[in-house]
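This report refers to the structure that appears directly beneath it.
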Amino acid sequence: MRSALLTDLSSQRRSLKRFLGKSLLLVALFFALDRLAGWFFLRGLEHYYGLDVPAQILCVGHSHTVLGIDKVALEQALGVPVAKFALENANTTDRLLMVQHYFKCQPASVRAVVYDVDAHSFTSSGLSSSSYQLLFPFIDDPDIREYVRRNCASRTEYILRRLLCTPRYNELTLSFVFRGYLNKWSNFKFGHVNPEVLRQQIQQGRFRRIDFDRDNLCQFARMVDFVTHHHTRLYLACIPTIDILNRAEPEKFQRSMSLFTSFASTNRDIIFLNYNPQFEARHELFFDPLHLNREGQREFTKQLVRDLEPSLQHSLFVDAWQTNALTNERERLSSLKPASPKEDPNPNDYRVP
Amino acid sequence: MLFNSFQYLLFFPVVCLVYFTIPFRWRTAFLLLASYYFYMCWRWQYIILIMVQTEINFLCGLRMEHARTQAGRRALLLTAIILSLALLFFFKYYNFANDALGSWFAFLHAPYHVPRLNIVLPIGISFHTFQTLSYIIDLYRGKIPVERSFIKFALFVSFFPLLVAGPIERANRLLPQLERTNHFDVDRLTSGLKLMLWGFFKKVVIADRLAEYVNQIYPHPADYSGATLMLASYFFAFQIYCDFSGYTDIAIGSARVLGYDLMKNFNLPLLARSPSDFWQRWHISLSTWFRDYVYFPLGGNRASTARWAFNIMVVFGLSGLWHGANWTFPIWGLLNGAFLLLTIGVGPYAGRLCRHCGLPHRAIVLLQVVVTFHLLLLARIFFRAGSLRDALIIVQRIFTDLASPVYLGYSSVGALLGLALSVMLLVIQWLQYNNRLPLNLSPVRVPALLRWSGYLAMLLAISVLGKSGNDFIYFQF
C-alpha cells in the first residue's frame, strides 16, 4: 500500500523540488556564512587577546583584569608587547587552560605572566558554572575541546559548537572581536560605585562569601607549576576591590592574602603584588565593588608599570633583545623608549610583608 | 518540552513525518499521543490533570445533548464550569487565597491554621481550562454541535502547539479542522517554517536577551536609579511581546505545517493608538474569550455608563487574576481597565485639542502611539514586579529619579544590543503597519534578495546571539 505522504509528494513534485532546492541553498549559504563569520570573529578575538603577536608579558585573569589593566598603557610604558588574555568569570581551571593555550600559540615569547588574584580566587560559588562557554571560540585546541566536552550541559551544546562556528560567540566575545579589529582596549566603564547601597547589601547578607575550594587551589597550583616550569616570572597581582567589601569577611580575606604570600615565598620567580592597601579606600576609582572604572584603570596601570618596570627592564626586555628571540618585534620596540639596564632588583621587594 | 529546545527541533519533524505517513484514520490518535508526550516531557504526572479535565467536559457535553430540560442543561454546564475552575483554583490560587485569608484573620486577631501546600503549578493550566470552558459554554448556547469522539475532543483540549500557552482556540474553529483530512502541502510547510523562524528569532534573540537585563534589575528595584528602572521597564515591554508573540508564531507555524489554522493572537500591538485598540491587538484569543464569555453576559456596553464602566473593570480585574496568583496581577488588570475608560472619556477632547493646535495627522498618530505605549508600560510594572511594594518603589523612582545615570547591567554590550534589537523590532513593525513588510502570512511581496537576506540574517542571529533554554513567560499562567 502506498503511503499517504508519497501520494501527496508525487502530486506536488514540482513545488517540492523547488522547496528542496531553495532549502538546500539556504542551508549551504548559512554554513558558508557561518564559516566565514567564524574565521572573521576568531581573527578579531585573537588580536584582542594578543594571541596573534609574541607578547613578552601575558596578563591572564577575569573581569578584574579586563577592566583593571590598560594593555596599551602597559605596552607604551614598558616598551614590550603585552597580551591581555582575560575572560569575565573565568575560574582557575579556565585560566590554566588560557595560560597553556597562550604558550601553545606563542611558545617562545612570554617572559612574565601577570595573573590576577583576589580574595575570591579559590571561591567555588558565585562565578558562573558555565564559564567553560568562554572558551568556545578556542574549541579547536584539543585541550580546550576536551575541557569543553566534559563540562557542556548537554551533548547538543557541544556538538553544535563543533559543527558551527558562530554559536561559539556571544555578545561579549563579539564586542571583543570588534574591539580587536578597532584596536580598542580601553575600559568604557565611567560610572561610580554607590557605597551606601553596597553597605546595605552587606548588612542584608547579599554578598558573595569567600571560601577555599580544594579543586580551585589545585588548579591554581598547577598554573603556578606550569608557568615556573617555563622559566617565566609569575606576578600574582591582586587587583583592588573596594574596602567595604574586603571587610565583610576580614579573617577569610586575610587568609586568602596569606595564601598568595606563601605561594610567593616558595619560588623566587613568583611575586605577589597586593594593591588593596593602596587603592581600596579610593571609592571614586571603582565602577562597582569589584571592578575599577576608567580612571581606576588608569591609576592602577600606572602603579603596575612602576612595579613591573624595574625587574622587567633588565631581566626581560634586555635579555630578549640580546638573544634575538624576538626579531620581528625589534623594529617596533626600537621606536619606543630605550631601556637602561639596571641591576636586577630583589624580587622580595615586591612582596607584601 | 520547550519550543526553543533541540528536543522540539527533533520532535516536530518526527511528528510531521509520521503524521503524514500513517493512514488518515490514525492521525488524530497519533497527534493526541504526540501531544500527551509533549506535555509529559515537563512532568508526566500532570497529564492526569488534563485527562480529568477533558473527561469532565466531554461527559458533561454528551449528557447536555440528552438533557431534556433547560435546567438540566444549565446544571451540567455549571457542573463542568465548577469542576474545571475548581482544578484551576486548587493548583493556581489555593496558596494565594489561603495567604489572603490568613492576613484577614491576623488583622481580626482570629486564629487561622490552614496550611500552605507545596503545589507545583501545572504549565498552561489557565489556557487549557479556558479552552475547554469555551467548548462547554458554546455547546450550552447551541453554537456548536456536541463532539462525540473522545479522541478528537481530547486533541482539541491538548493539541501540542497550543497546549501550554495558547492561542486559546474555540471549538467552532478547531474541532471542524480535526474532522478534515489534511494532506501534506509544500506551501503550508514553507509558510509555517517561515513563521516559526520569525518566532524563534523573537524569542531567543530579542526576548531572552532583554530578559537578562530585566531579571537583574526588577528583583531589587531599591538598588537602582529611576532611569535604570525605566530602561528595564521599556525592555520588559519588548521582552514580553517578543516572548509571547514568538511562542505564538512558533505554535501557529507548527500547526500550519500539520494542516491546521490557529487563530491570530497578535496584530502589531506596540503600535496601538489607544488602550482599547491595544486590547484588540494583544493576546486576541484571551481578549475575545473575556469579551464573549464575561463582558457580553454582564451586559457589555448596552447598559448605563456606570454599569458599562463596572463591566469593563470586572473584565480587566478577572483578566489580571487569570494571569497569576499575586495582588500585582489584578492591579495590573484594573489599571488597564482604568486607562481604557480614561482614554475613551478624554480621547475625543485630546483629539480636538490636537487638531485645534494644527498638528498634522501623522504627528497625532505618533502621539497616540507614544501615550498608549507609556500608559501600558506603567501598568506593566505591576505585571512584572515581584510584589506590590516593589512595583510602588519602581513607579516612585521613575517619577522622581529619572535624571539619574543609567546602569547598563552586567553586560553593557548585551543591554545596548537589546536596545538596538528593540529599535529594529519597532522599525519592522512600523514597516508591517504600513504594509511594506509581510505581516505573518499576508501576501505582501518582498524582493527575493531582501527576503533571502532576511532569512540568513535571522538564522545567523539565532546562531550567534540566540540564548537557549529559557522558559516562555506565559507558561506560568
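The values are calculated or read from the model by the stated rules, or taken from the named source; none is laboratory data. Values in this document were obtained by computation on a predicted structure and should not be read as measured data. Cβ placement follows ideal geometry from the backbone for every residue including glycine, while neighbour counts extend to all protein chains displayed. Surface accessibility is based on the protein's heavy atoms, side chains included, excluding ligands, DNA and RNA. Shrake-Rupley method; radii C 1.70, N 1.55, O 1.52, S 1.80 Å.
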Of (1) surrounded by 21 or more Cβ atoms within 10 Å (Cβ to Cβ); (2) under 22 Å from B:Ile428 (Cα atoms), B:Thr228 fails just (2)
Restricting the search to region B:330-355, which residues are aliphatic (A, V, I, L, M), under 24 Å from the mean Cα position of the chain (by Cα) and open to solvent by less than 70 Å² (accessible area, probe 1.4 Å)?
-> B:Ile331, B:Leu335, B:Ala338, B:Leu340, B:Leu341
Which one is nearest to the other protein chains (Cβ to nearest Cβ), of the residues in region B:148-207 that are open to solvent by 20 Å² or more (accessible area, probe 1.4 Å) and among the aliphatic types (A, V, I, L, M)?
-> B:Leu189
Filter region A:153-180 for residues that are under 15 Å from A:Leu135 (Cβ atoms), free of Cβ contacts under 8 Å to residues at least 24 places away in the same chain and more than 9 Å from every other protein chain (Cβ to nearest Cβ) and give the result.
-> A:Tyr158, A:Arg162
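Across region A:173-194, what is the number of residues that are in a helix (DSSP H, G or I) and either basic (Lys, Arg) or open to solvent by less than 30 Å² (accessible area, probe 1.4 Å) (or both)?
Going through region A:173-194 one residue at a time, the tally reaches 7.
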Looking only at region B:174-186, decide whether some residue is over 30 Å from B:Val52 (Cα atoms) and assigned to a helix (DSSP H, G or I).
-> yes
Those residues of region A:71-96 which are open to solvent by 20 Å² or more (accessible area, probe 1.4 Å) and farther than 24 Å from A:Pro310 by Cα amount to A:Glu88, A:Asn89, A:Asn91, A:Thr93
Report yes if A:Glu157 is among the acidic types (Asp, Glu), under 19 Å from the mean Cα position of the chain (by Cα), open to solvent by less than 50 Å² (accessible area, probe 1.4 Å) and over 25 Å from A:Thr301 (Cβ atoms), otherwise no.
-> no
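Conditions tested, residue by residue: (1) surrounded by 14 or more Cβ atoms within 10 Å (Cβ to Cβ); (2) assigned to a helix (DSSP H, G or I); (3) over 24 Å from the mean Cα position of the chain (by Cα); (4) not hydroxyl-bearing (Ser, Thr, Tyr).
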residue	(1), (2), (3), (4)
B:Cys60	yes, yes, yes, yes
B:Arg63	yes, yes, yes, yes
B:Arg73	yes, yes, yes, yes
B:Thr79	yes, yes, yes, no
B:Leu88	yes, yes, no, yes
B:Tyr93	yes, yes, no, no
B:Phe96	yes, yes, no, yes
B:Ala100	no, yes, yes, yes
B:Ser103	no, yes, yes, no
Output the residues belonging to region A:204-231 that are polar (S, T, N, Q) and farther than 19 Å from A:Ala90 by Cβ.
-> A:Gln204, A:Thr228
Hits in region A:106-120 - residues which are open to solvent by 10 Å² or more (accessible area, probe 1.4 Å) and polar (S, T, N, Q) = A:Gln106
Residues of region A:1-13 being more than 9 Å from every other protein chain (Cβ to nearest Cβ) and either over 17 Å from B:Arg188 (Cα atoms) or open to solvent by 70 Å² or more (accessible area, probe 1.4 Å) (or both), which ones?
-> A:Arg2, A:Arg13
Given (1) among the small types (Gly, Ala, Ser); (2) open to solvent by 30 Å² or more (accessible area, probe 1.4 Å); (3) more than 25 Å from B:Ala385 (Cα to Cα), where does B:Gly300 come up short, assuming only one miss?
-> (2)
What do you reckon, is B:Leu2 under 23 Å from the mean Cα position of the chain (by Cα), without any contact (Cβ under 8 Å) to a residue 60 or more places away in the chain and on the phi < 0 side of the Ramachandran plot?
-> no
Which of the residues spanning region A:14-50 are open to solvent by less than 30 Å² (accessible area, probe 1.4 Å) and closer than 14 Å to A:Leu182 by Cα?
-> A:Phe41, A:Gly44, A:Leu45, A:Tyr48, A:Tyr49, A:Gly50
Give the residues of region A:173-227 that are over 21 Å from the mean Cα position of the chain (by Cα) and at positive phi, sorted by residue number.
-> A:Gly205
Count, please, the residues in region B:391-415 that happen to be at pLDDT below 90, in a helix (DSSP H, G or I) and among the aliphatic types (A, V, I, L, M).
-> 2
